[in-house]
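K.L.:
Take this structure, written in C-alpha cells, and hold onto it; I'll ask about it next.
The values are calculated or read from the model by the stated rules, or taken from the named source; none is laboratory data. Note that the structure is predicted; figures quoted are calculated from it, not measured. No Cβ is skipped: glycine too gets one built from the backbone with ideal geometry, and neighbour counts run over all protein chains shown. Remember, those area values only see protein heavy atoms, side chains included, never the ligands or the DNA or RNA. Shrake-Rupley method; radii C 1.70, N 1.55, O 1.52, S 1.80 Å.
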Amino acid sequence: DTAVSQTPKYLVTQMGNDKSIKCEQNLGHDTMYWYKQDSKKFLKIMFSYNNKELIINETVPNRFSPKSPDKAHLNLHINSLELGDSAVYFCASSHDLTVNTEAFFGQGTRLTVV
Amino acid sequence: AQSVAQPEDQVNVAEGNPLTVKCTYSVSGNPYLFWYVQYPNRGLQFLLKYITGDNLVKGSYGFEAEFNKSQTSFHLKKPSALVSDSALYFCAVRERSGNTPLVFGKGTRLSVIA
C-alpha cells in the first residue's frame, strides 16, 4: 500500500489554465505538507496543514490554494498557471507537529507549463 | 532563520570505499536533523534523524551520521558504498520550537562507481 500518494504523476498544461494535484495519505497522520522542487532540485516548503487547518503558508502566490477536506487529504489547486510554475510538487505527511517526527513523501507530480 | 548547507553538488566514490556526504546547519538553539535520499523519479525517503542522545545515529541501508555541535555539522557516512547507493541526498534541519517546517539543503548527488 502506498503511504502518501499523489495524482497525477505527470501534468502538462498550457499557460493560463487552472489545474489541481491531489494528495492522500493512509498513515493516520495529522499533518500534511506541500513542497516544490525546482529544476535545480532545490526543495522548498509551500504549505503545512494540521488537522485540516493551515499552519504554514510560505511566500507563495495567491494562485496556489491548498484544500484539506479531511486529515487524510491535502489537494493543491493552481490558478492561471505560469511558465515559472513548472516544477515537481511533493506532498508529504508527518505524525503531527512534533518537530522531531520525520515526514513521509509522495512520489511527486511533475508539472510542465507550456 | 534556520538553514542548511551541503557544500558539494556531487560526490563520486568507488564501490566498496567509504563515503561521506557533508552537511552543516544554522539554527537558533539545538536542532533536529534529518537525512533523506531521492532516487530518480521518486519521492524522498527518510534515512535517519538526530533528536537527542548519542551523537552517532544509525539509519537505513547501513547509513549513519554524526552530529557535531561545535562544528554545526551532520555528515552522512557509510563504511562501504554500493552502486545502488547512487542517488540525490538531502540534509534537513528543524528548529525545536514552534511550527517550523523542515528546511532542506540543496542536495548532493552521490555516484558510486563499480
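K.L.:
Please compute the Kirkwood hydrodynamic radius of region A:10-110 from all pairs of different C-alpha atoms, in Å with one decimal.
P.N.:
13.7 Å
K.L.:
Using a 1.4 Å probe on the protein chains only, how many percent of the accessible area of chain A belongs to carbon and sulfur?
P.N.:
Answer for chain A: carbon and sulfur cover 48 percent of the accessible area.
K.L.:
Next up: In Å and on Cα atoms, what radius of gyration and Dmax does region B:1-47 show?
P.N.:
13.4, 39
K.L.:
Now a separate question. For region A:56-108, what size does the Cα cloud have along each of its three principal axes, sorted from largest down, in whole Å?
P.N.:
Its Cα atoms span 35, 21, 20 Å along the three principal axes.
K.L.:
Counting other Cβ atoms within 10 Å, keep those with at most 10, restrict to DSSP loop, and tell me which trypsin sites (Lys or Arg not before Pro) in region B:1-93 are left.
P.N.:
Taking region B:1-93 and a limit of 10 other Cβ atoms within 10 Å, the loop trypsin sites (Lys or Arg not before Pro) found are B:69.
K.L.:
Separate question: What FRET efficiency do you get for residue A:41 and residue A:112 if R0 is 22 Å and r is their Cβ-Cβ distance, rounded to the nearest 0.05?
P.N.:
The calculated FRET efficiency here is 0.85.
K.L.:
Something else now. Where the centre of each part is set by its Cα atoms, how far does region B:48-66 sit from region A:43-113, in angstrom?
P.N.:
Going from one Cα centre to the other spans 28 Å.
K.L.:
A further question on this structure: What does the convex hull of the alpha-carbon atoms of region B:42-93 project to on average, in nm²?
P.N.:
Dividing the Cα hull surface by four gives the mean projection, 4.1 nm².
K.L.:
Which cross-chain or sequence-distant (5 or more) residues have an amide H under 5 Å from the amide H of residue B:86, H modelled 1.01 Å from N in plane?
P.N.:
B:112
K.L.:
Please list the equivalent ellipsoid semi-axes of the protein assembly as shown, computed as the square roots of five times the alpha-carbon gyration tensor eigenvalues, in descending order and whole angstrom.
P.N.:
30, 21, 16
K.L.:
Can you give the translational diffusion coefficient of chain B in µm²/s, computed by Stokes-Einstein from the Kirkwood radius over Cα pairs at 10 °C and 1.306 mPa s?
P.N.:
Calculated translational D: 112 µm²/s.
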